[in-house]
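Throughout, read-outs are computed from the coordinates displayed, never taken from laboratory work. Everything numeric here is computed off the predicted structure, so don't read it as measured data. With ideal geometry, Cβ positions are generated from the backbone for all residues, glycine too; neighbour counts draw on all protein chains shown.
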Amino acid sequence: KAGVTQTPRYLIKTRGQQVTLSCSPISGHRSVSWYQQTPGQGLQFLFEYFSETQRNKGNFPGRFSGRQFSNSRSEMNVSTLELGDSALYLCASSSPAGSTGELFFGEGSRLTVL
Amino acid sequence: SQQGEEDPQALSIQEGENATMNCSYKTSINNLQWYRQNSGRGLVHLILIRSNEREKHSGRLRVTLDTSKKSSSLLITASRAADTASYFCATVQNTGTASKLTFGTGTRLQVTL
């Protein structure tokens, strides 16, 4: 069974640009969560999608958005990039609602904003 | 914001020694999980302990949970160089049909030969 796949793995952007990150969950997993990891703030929850609906949302500005498609693949978008958005963005999938919450993570997309 | 605070922030031990990491949290939980992260990589799930359990084992891992003190510990016995990684606790609150995981600050473990 293939794991969680995130693309791209590395990217460099400049301030003011926007970026889209993609995540393909494990086959059969309908829940996808996104986390931002920085040295200063640690792992911060961005949002969770289940069956194309956002179920949970973290405390991030509206520049951060996401969506989920009918095949459970998810994308997150960050608009008007700031230097502080430089981070490792991790996507995780989990089995259907009511589960214990165990997450299966991808390798992450490392975003550098110059 | 982080639910869990981990202690110590960094730990350096020699191969063969035991490593103990602690996690404290603030609110009631459904379960608590431990994850490992190798440098710059994704997180890997290690073990889950439910709120009604006090201790759990998995291979060289032993996890304890004290809900009265809102704390958990992860013990890695007979450590190996390959155990070098960051370890995170994650508390789980079930909100209806969703499970929300909140990660701690992590402990960076260095195992030297």
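Taking only the C-alpha atoms of chain A, Rg followed by Dmax gives 13.3, 41 Å. If R0 is 22 Å, the Cβ-Cβ spacing of A:Asn71 and B:Thr27 corresponds to a FRET efficiency of close to 0.05. Of the residues A:Ser79, A:Leu46, A:Thr112, the one whose Cα sits farthest towards the positive end of the charge dipole of region A:39-114 is A:Ser79 (charges of +1 on Lys and Arg Cβ, -1 on Asp and Glu Cβ, taken about the Cα centre). In the calculated pair distance distribution of region A:1-62, what percentage of Cα-Cα distances lie above 16 Å? Cα-Cα pairs in region A:1-62 separated by more than 16 Å: 59 percent. Computed extension length for B:Arg50-B:Asn38: 1.8 nm, one decimal, from 0.36 nm per residue of separation with the Cα-Cα distance subtracted.
Note on B:100-106: average number of Cβ atoms from other chains within 10 Å of each residue's Cβ is 5. At 37 °C and 0.692 mPa s, what whole-number value in µm²/s does Stokes-Einstein give for the translational diffusion of chain B, with Rh from the Kirkwood sum over Cα pairs? Diffusion coefficient, whole number: 233 µm²/s. Shown here for region B:11-79: trypsin sites (Lys or Arg not before Pro) in loop regions (DSSP other than H, G, I, E, B) with at most 14 other Cβ atoms within 10 Å, namely B:Lys26, B:Arg54, B:Arg60, B:Lys69. Using C-alpha pairs below 8 Å separated by at least 6 residues, the relative contact order for chain A is 36 percent. Could you compute the net charge surrounding A:Leu46? Neighbours are other residues with a C-beta less than 13 Å from the C-beta of A:Leu46; K and R count +1, D and E count -1. That works out to +2. Within a Cβ distance under 12 Å of A:Ser33, other residues only, what is the Lys/Arg minus Asp/Glu net charge? Counting the neighbours of A:Ser33, the net charge comes to +2. Stokes-Einstein diffusion for the protein assembly as shown, with the hydrodynamic radius set to the Kirkwood value over Cα pairs and evaluated at 25 °C in a medium of 0.890 mPa s, equals 136 µm²/s.
Other residues within the sphere of radius under 15 Å centred on the Cβ of A:Val113, judged by their own Cβ, net out at +2 (K and R +1, D and E -1). Computed about its Cα centre, the charge dipole of the protein assembly as shown is approximately 360 debye, with only Lys, Arg, Asp and Glu carrying charge at their Cβ. Of all lysines in the structure, those lying under 30 Å Cα to Cα from B:Lys70, and not within fewer than 8 positions of it along the same chain, are A:Lys57, B:Lys26, B:Lys56, B:Lys100.
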